[in-house]
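Asker: The structure's right below; bear with me while I get my questions together.
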Amino acid sequence: MARVEGRYGLVYTTDRPESAARFDDLVSAYLGFGRDIGDRLKALQADDPDMPLAHVAKGYFLKLFGSAAMSARARKALGDADSRFAAVAATEREKLHLEALRAWCADDLDRTTDLWERILLDNPRDAFALRLAHFNHFYAGEGRRMRDSVARVLPDWQDSDPDIGFVHGMYGFALEESGDYARGERYGRMAVERNPADAWSVHAVAHVMEMQGRHAEGIAWVKRHEPAWSTTNNFRFHLYWHRALYHLERHELAEVLALYDDYVASDIAADMYLDVCNAASMLWRLEMYGADVGDRWKGLTEVSLRHVEDHDLIFVALHYLMALLKGGEPEAAARLAAQLEGFANSAATQGRVSARVGVGTAAAMTALANGDPGAAVDALLPIRYDIWCMGGSHAQRDLFEEMLVSAAVQARPQLARALLAERTAAKPASAWSWRNYAKALRAQGQGAAAEAAEKRAEALLAAA
Ligand SMILES: [Fe+2]
């Protein structure tokens, strides 16, 4: 089989010269959350069924769904890829991609990421490997690794490269997740200037604004670029989720519910895990803020019931659990929690995550749903500094801190006062935190301090 050079000097094994450019375009579509990724791959494979890397790509995209059902299909794609690779002399880069898919299918996420990083040493312009490594570092909670992964390849990208904006956006988001908000915002904005439809880069800046409590600016930022980024696939609902989160911070609950109905939960039936994470975490937060969410949990249970056995990502499984606990499916919730406990004995990367934080977080959420905030505190307090390892963003994982705080306010006022002293220091723009701080202070007989905290909350809400 012949070798064809594609964009960025990447070499593909194929007898069809046009397949290289089509593969490069597929990768660009993936970087841009294109709605036609599946169609592109199908068309490429229909015209070039023997291209070895296309089989690996199929396995990757199936694994990205993060579900047990799709993982089974990914293993089948791995088998097809193995047959193709056995019949051709593939490049070293392609062989490493095959091994990465194998490691991913074996649930060895650390090895999977290592293999992508190995590819990047020789091929720093392999944007597929870069974005996949970015994804895995993200779901390992490894902000610094995510940041350094992009920094290592940046010097090899040029301003004239069509995908450089995506690389800048990845760097921006990774900088934000490792706490460098100023540079994160700079790289994110640079990418959005180049391409306002680059949803990941819009998202990087949105995260900076969330972390810095710049809620009004965040709403304006997300709105300003909406005509462009709303053309992307279901990832767009995560940007609506971010906008809803700013409104929530401002206690604009009606606006949050409207965004929830119109966008965040509008395509739940598509069964994409990020949609469920967005929706479940927003409903849980809304209830903590005192909103009546009506029968909205019900809409999430149908999809979540299909994923009781899933543990591709513990972070995601916990969001299915939220929906089952709150949507009136206690038996399914108990089964999901039990399977997280069983999986905690596995040597798989996410099995270790389940053991470290998954089981405890599930126990805390179950206790909260059963009206036992004291038990929730007991389950969450010992693991709160390890929760990062389940991945997701700081903004997403903050939900678990909020759970701990609200459980403590109900059951352990002295601890609540301490936790909220900490939280208001870290998030001084959070009116919800100041309000809860006031409650905890009052419960401790500190009336004057409680009044001052309540005033801080009122001032923030009045300025919103
Ligand atoms: Fe986000």
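Asker: Can you tell me how many residues in segment 421-459 are open to solvent by less than 70 Å² (accessible area, probe 1.4 Å) and assigned to a helix (DSSP H, G or I)?
Answerer: Residues that pass the stated criteria total 21.
Asker: Is it the case that some residue within segment 219-227 is surrounded by fewer than 21 Cβ atoms within 10 Å (Cβ to Cβ), within 11 Å of the ligand (Cβ to nearest atom) and in a helix (DSSP H, G or I)?
Answerer: No, because not a single residue in segment 219-227 is surrounded by fewer than 21 Cβ atoms within 10 Å (Cβ to Cβ), within 11 Å of the ligand (Cβ to nearest atom) and in a helix (DSSP H, G or I).
Asker: How many residues does segment 402-417 contain that are open to solvent by less than 10 Å² (accessible area, probe 1.4 Å) and without any contact (Cβ under 8 Å) to a residue 60 or more places away in the chain?
Answerer: So the count comes out to 5.
Asker: For the list (1) crowded, with 23+ Cβ neighbours inside 10 Å; (2) within 16 Å of the ligand (Cβ to nearest atom); (3) among the hydrophobic types (A, V, I, L, M, F, W, C), I need the number of the one condition that Ala395 fails.
Answerer: The failed condition is (1).
Asker: Then there is this: Just to check your reading of the model, which residue among Tyr289, Tyr385 is open to solvent by 30 Å² or more (accessible area, probe 1.4 Å) and within 24 Å of Ala418 (Cα to Cα)? Let's see the steps before the verdict.
Answerer: Working: Tyr289 fails: open to solvent by 30 Å² or more (accessible area, probe 1.4 Å).
On inspection, the qualifying residue turns out to be Tyr385.
Okay, residues lined up against (1) more than 14 Å from the ligand (Cβ to nearest atom); (2) surrounded by fewer than 16 Cβ atoms within 10 Å (Cβ to Cβ); (3) farther than 22 Å from Ile387 by Cβ; (4) modelled with pLDDT of 95 or more:
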| residue | (1), (2), (3), (4) |
| --- | --- |
| Glu249 | yes, no, no, yes |
| Asp262 | yes, yes, yes, yes |
| Asp267 | yes, yes, yes, yes |
| Met272 | yes, no, yes, yes |
| Asn278 | no, no, no, yes |
| Asp295 | yes, yes, yes, yes |
| Gly299 | yes, no, yes, no |
| Val303 | yes, no, yes, yes |
| Arg306 | yes, yes, yes, yes |
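Asker: Follow-up question, since we're still on this one. Quick check, is Ala464 more than 16 Å from the ligand (Cβ to nearest atom) and crowded, with 22+ Cβ neighbours inside 10 Å?
Answerer: Details: more than 16 Å from the ligand (Cβ to nearest atom): yes; crowded, with 22+ Cβ neighbours inside 10 Å: no.
Answer is no for this residue.
Asker: Condition check: part of a helix (DSSP H, G or I) and among the acidic types (Asp, Glu). Does Asp39 satisfy that? Steps first, answer last, please.
Answerer: Numbers: part of a helix (DSSP H, G or I): yes; among the acidic types (Asp, Glu): yes.
Judged against the criteria, Asp39 is a match.
Asker: While we're here: Here are some residues: Val303, Val293. Which one is assigned to a loop (DSSP other than H, G, I, E, B) and β-branched (Val, Ile, Thr)? Don't jump to the end; show me each part of the working.
Answerer: Numbers: Val303 fails: assigned to a loop (DSSP other than H, G, I, E, B).
Result: Val293 is the single residue among Val303, Val293 that is assigned to a loop (DSSP other than H, G, I, E, B) and β-branched (Val, Ile, Thr).
Asker: Answer yes or no as to whether Leu325 is closer than 17 Å to Tyr139 by Cβ, open to solvent by 10 Å² or more (accessible area, probe 1.4 Å) and not acidic (Asp, Glu). I'd like the intermediate steps shown before the answer.
Answerer: On the way: closer than 17 Å to Tyr139 by Cβ: no; open to solvent by 10 Å² or more (accessible area, probe 1.4 Å): yes; not acidic (Asp, Glu): yes.
Considered against the rule, which asks whether it is closer than 17 Å to Tyr139 by Cβ, open to solvent by 10 Å² or more (accessible area, probe 1.4 Å) and not acidic (Asp, Glu), Leu325 comes out as no.
Asker: Can you pull out every residue in segment 381-395 that is closer than 22 Å to Val409 by Cβ and not in a helix (DSSP H, G or I)?
Answerer: Arg384, Tyr385
Asker: Within segment 35-56, does at least one residue satisfy the condition of being buried (at least 20 other Cβ atoms within 10 Å of the Cβ), basic (Lys, Arg) and out of contact with any Lys or Arg (no Cβ under 6 Å at 6 or more places or on another chain)?
Answerer: The answer is no; no qualifying residue exists.
Asker: Taking Ser83, is it buried (at least 16 other Cβ atoms within 10 Å of the Cβ) and polar (S, T, N, Q)? So that I can check it myself, show each step before the final result.
Answerer: Details: buried (at least 16 other Cβ atoms within 10 Å of the Cβ): no; polar (S, T, N, Q): yes.
Here the answer is no, as Ser83 does not meet what is asked.
Asker: OK, next. Can you find even one residue in segment 168-177 that is surrounded by fewer than 22 Cβ atoms within 10 Å (Cβ to Cβ) and at pLDDT 95 or above?
Answerer: Restricting attention to segment 168-177, the residues satisfying the condition of being surrounded by fewer than 22 Cβ atoms within 10 Å (Cβ to Cβ) are none.
Within segment 168-177, not a single residue is surrounded by fewer than 22 Cβ atoms within 10 Å (Cβ to Cβ) and at pLDDT 95 or above.
Asker: State the number of residues belonging to segment 295-310 that are among the polar types (S, T, N, Q) and in contact (Cβ under 8 Å) with a residue 40 or more places away in the chain. Before you say what the answer is, go through the steps one by one.
Answerer: Start the filter on segment 295-310 by keeping residues that are among the polar types (S, T, N, Q), which leaves 301, 304.
Pick out the ones that are also in contact (Cβ under 8 Å) with a residue 40 or more places away in the chain and you get none.
Number of matching residues: 0.
Asker: Part of a loop (DSSP other than H, G, I, E, B), more than 16 Å from the ligand (Cβ to nearest atom), at pLDDT below 95 and surrounded by 17 or more Cβ atoms within 10 Å (Cβ to Cβ), is that true of His311?
Answerer: Working: part of a loop (DSSP other than H, G, I, E, B): yes; more than 16 Å from the ligand (Cβ to nearest atom): yes; at pLDDT below 95: yes; surrounded by 17 or more Cβ atoms within 10 Å (Cβ to Cβ): yes.
Yes, satisfied.
Asker: Just to check your reading of the model, which residue among Gly179, Gly141, Gly169, Gly165 is in a helix (DSSP H, G or I) and within 16 Å of the ligand (Cβ to nearest atom)? Give the derivation first.
Answerer: Details: Gly179 fails: in a helix (DSSP H, G or I); Gly141 fails: in a helix (DSSP H, G or I); Gly165 fails: within 16 Å of the ligand (Cβ to nearest atom).
After ruling out the rest, the residue left standing is Gly169.
Asker: Now, a different point. Can you tell me which residue among His247, His215, His207, His238 is in contact with a Lys or Arg (Cβ under 6 Å, 6 or more places away or on another chain) and of a type outside the set (A, V, I, L, M)? Write out each step before concluding.
Answerer: Values: His247 fails: in contact with a Lys or Arg (Cβ under 6 Å, 6 or more places away or on another chain); His207 fails: in contact with a Lys or Arg (Cβ under 6 Å, 6 or more places away or on another chain); His238 fails: in contact with a Lys or Arg (Cβ under 6 Å, 6 or more places away or on another chain).
The match here is His215.
Asker: Further question: Identify, from the list Ala29, Ala2, the residue that is touching a Ser or Thr at 6+ places or on another chain (Cβ under 8 Å) and hydrophobic (A, V, I, L, M, F, W, C). Steps first, please.
Answerer: Numbers: Ala29 fails: touching a Ser or Thr at 6+ places or on another chain (Cβ under 8 Å).
None of the others qualify; the one that does is Ala2.
Asker: So, one more: Among the residues of segment 182-209, which ones are in a helix (DSSP H, G or I), more than 15 Å from the ligand (Cβ to nearest atom), in contact (Cβ under 8 Å) with a residue 12 or more places away in the chain and not aliphatic (A, V, I, L, M)?
Answerer: Passing the criteria: Arg186, Tyr187, Arg189, Arg194.
The values are calculated or read from the model by the stated rules, or taken from the named source; none is laboratory data. Worth saying up front: this structure is predicted, and the values here are computed from it rather than measured. Virtual Cβ from ideal backbone geometry, glycine too; neighbours counted across all protein chains shown. When the accessible area is computed, the model is the full protein with side chains, heavy atoms only, and any ligands, DNA or RNA have been set aside. Shrake-Rupley method; radii C 1.70, N 1.55, O 1.52, S 1.80 Å.
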